[in-house]
Amino acid sequence: MPRQLSALLVLLVAAPAGGLNMLDGVKKLLLKRDSAFLYQEKALFMPGANARTEAAAKTACSSGDRAAILRAVDDLEAVCVADDFLDTDAARLDGRWRLLATVAGRKPGDDLENMGRANAVNASGLVLDTSEKLPIQAFDVARSRVANEIGFDAFGGCTVRVSGAFRRGANGRRADVLFDNLEVFGSGDKRLFSAGWVFSLINAVKPDLRGEGGEAWLETTYLSPTMRCGRGNKGSVFVLEKTDEPCALDPATF
């Protein structure tokens with residue numbers, strides 16, 4: 001058991017009732033100095049709760065019911081809110097994540113349960129239906145790039161990939177994203193064409209679709225080795241599951 005955790009347990013056992021305020025202060029200080037450490041310890045304390053809540057979230061996502069998806073996100077965030085991992089261990093975001101469900105909003109403050117659009121992705125104003133196939137979101141932390149891959153059955157099967165650069169946003173859980181490329185891949189996963197001008201046009205015509213500084217943003221509100229939840233600048237919510245499935249697209253780099 002880590003020495004920091006042992007010390008906290010000793011304080012919990014030994015502190016008199018009047019000393020609880022002091023203990024709270026110590027815990028808050030440790031949280032401020034090392035949020036990643038306390039986040040990991042919390043996850044260790046509640047592995048069963050995390051697993052049960054994640055299993056329930058997958059069931060809710062498969063239902064396609066907006067209210068159930070939103071409740072699942074709230075439940076995951078209640079179990080363990082993500083720490084400022086972009087400041088301490090951004091590699092936890094790296095890799096490929098399969099989108100289990102999303103409820104897309106059009107503007108902040110939308111009533112997602114009654115107005116949100118289930119299973120749709122809004123990439124800086126480019127809304128894509130994701131009901132046919134589960135999309136992939138990929139993060140390349142070393143290159144500060146993010147991409148959404150969405151497959152369609154049309155034209156014998158094709159994949160659309162939108163990608164862009166990301167950076168730390170207003171806090172260590174928020175990534176500011178500036179999409180800059182759209183690619184279309186054919187049935188053999190070979191790229192047919194690239195159209196980066198699409199986002200240049202959107203950004204010029206509808207700058208209100210972007211966040212402050214020209215970026216949209218995505219804030220991770222729950223993060224485990226197997227599941228991630230996020231909320232976007234338009235109020236949308238996302239539930240994703242980590243996947244080891246390699247990228248079949250050529251080129252794979254985005």
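The values are calculated or read from the model by the stated rules, or taken from the named source; none is laboratory data. If you're wondering where the values come from, they're calculated on a predicted model, not measured in any experiment. Backbone-built Cβ (ideal geometry, glycine too); neighbour counts: all protein chains shown.
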Hits in region 59-98 (condition: modelled with pLDDT of 90 or more, crowded, with 16+ Cβ neighbours inside 10 Å and farther than 30 Å from ARG143 by Cβ): ALA60, ALA68, ILE69, LEU70, ALA72, ASP75
Residue match in region 185-194 (condition: at pLDDT below 80 and buried (at least 20 other Cβ atoms within 10 Å of the Cβ)): no
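Please find, within region 195-254, the residue that is modelled with the highest pLDDT out of those that are of a type in the set (Lys, Arg), in contact with a Gly (Cβ under 8 Å, 6 or more places away or on another chain) and within 30 Å of ALA78 (Cβ to Cβ). Show your work before the answer.
Pass one, region 195-254, residues of a type in the set (Lys, Arg): 206, 210, 228, 231, 234, 242.
Cutting the leftovers down to in contact with a Gly (Cβ under 8 Å, 6 or more places away or on another chain) gives us 206, 234, 242.
Pick out the ones that are also within 30 Å of ALA78 (Cβ to Cβ) and you get 234, 242.
Values: LYS234: 79, LYS242: 97.
The residue in question is LYS242.
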Of all residues making up region 213-252, the number that are crowded, with 16+ Cβ neighbours inside 10 Å, among the aliphatic types (A, V, I, L, M) and farther than 24 Å from ILE69 by Cβ: 1
